[in-house]
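One structure below.
The values are calculated or read from the model by the stated rules, or taken from the named source; none is laboratory data. Source: prediction; values computed, not measured. Because the Cβ atoms are built from the backbone with ideal geometry, glycine has one as well, and the counts that use them run over all protein chains shown.
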Amino acid sequence: MNNPDQSKINSKVQILIVDDHPMTRDGIAQLINEQTDLEVCAQASTAAEALSLTAEKKPQIIVLDLTLPDRSGIELIRDLKAISTEIRILVLTMHDEEVYGERALRAGADGYLMKVEGGRKLLNAIQSVIAGEISVSTTLSSGIMRGITGRTPSKKDQVLKELSGRELEVFLLLGEGIPTRAIGVRLNVTAKTVEAHRTNIKTKLGIATASALISYAARWGNSEQLPT
């Protein structure tokens with residue numbers, strides 16, 4: 001005879017949390033585990049751990065941050081969807097949705113939520129994703145619709161489309177005035193790798209010098225200040 005309590009546990013939606021901050025993971029896990037129909041089956045701090053635990057635990061939902069030490073979160077989304085198209089992925093991040101939202105959805109994410117939104121909105125987003133819906137803010141939804149209707153892409157849009165996930169991370173950090181070596185530490189890569197990304201970014205954006213790239217990246221957050 002089946003144990004009723006065990007049956008109840010097994011009926012809960014299994015969720016994997018991927019975030020490189022232990023306190024953040026624990027807080028999200030506590031919130032989720034307080035729900036009667038949800039359960040955190042595992043936690044990961046890197047993309048490699050996320051892939052391994054996905055194969056082992058077979059979660060139905062993955063809640064992940066985009067900033068990970070070993071791989072771009074955008075690239076991880078593609079890798080996870082390659083494991084199974086049935087996995088539902090909700091991005092929970094500090095990164096501005098105007099910068100990363102559409103890119104994450106195109107990679108295969110089923111929802112995008114910024115961490116500043118709070119616990120209730122996270123739970124609502126999880127339930128929407130479970131139901132097979134795409135969970136995004138009104139602002140992000142409107143931006144996507146403008147793209148579908150064929151409006152002329154802005155300089156900001158062009159940058160998003162040109163750069164890979166990791167290149168975009170490097171570009172944004174350059175815009176914050178962070179030097180090459182510190183970017184390498186932040187992304188857990190060598191300074192040589194960061195330099196290679198800088199070279200690729202300059203080529204893709206048609207920028208000749210390192211100083212011009214830094215200046216462009218610094219002004220990029222305000223598209224009205226970008227050169228025409």
Item to complete: Could you tell me whether the stretch 84-101 includes any residue that is part of a helix (DSSP H, G or I), hydroxyl-bearing (Ser, Thr, Tyr), under 14 Å from the mean Cα position of the chain (by Cα) and crowded, with 19+ Cβ neighbours inside 10 Å?
Response: yes
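When you look at Ile32, is it in a strand (DSSP E or B) and of a type in the set (Val, Ile, Thr), yes or no?
Values: in a strand (DSSP E or B): no; of a type in the set (Val, Ile, Thr): yes.
No: the conditions fail for Ile32.
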Worksheet item: Taking Leu113, is it in the same structural domain as Gln30 (by TED's automatic domain parsing) and in a helix (DSSP H, G or I)?
Response: no
Worksheet item: Is there any pair linking a residue in the stretch 201-214 that is free of Cβ contacts under 8 Å to residues at least 12 places away in the same chain to one that is outside any helix (DSSP H, G or I), with Cβ under 8 Å and at least six apart or on different chains, and which?
Response: Lys202/Ala208; Lys202/Thr209
Item to complete: Output the residues belonging to the stretch 173-188 that are modelled with pLDDT under 85 and not in a helix (DSSP H, G or I).
Response: Glu176, Asn188
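For every residue, the table says whether it meets (1) modelled with pLDDT under 85; (2) under 29 Å from Pro69 (Cα atoms).
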| residue | (1), (2) |
| --- | --- |
| Ile126 | no, yes |
| Ile130 | no, yes |
| Gly147 | yes, no |
| Lys156 | yes, yes |
| Lys161 | yes, yes |
| Phe171 | no, yes |
Response to the item:
All-but-one check, Leu16 against (1) among the hydrophobic types (A, V, I, L, M, F, W, C); (2) part of a loop (DSSP other than H, G, I, E, B); (3) more than 11 Å from the chain's Cα centre (by Cα), failing number (2)
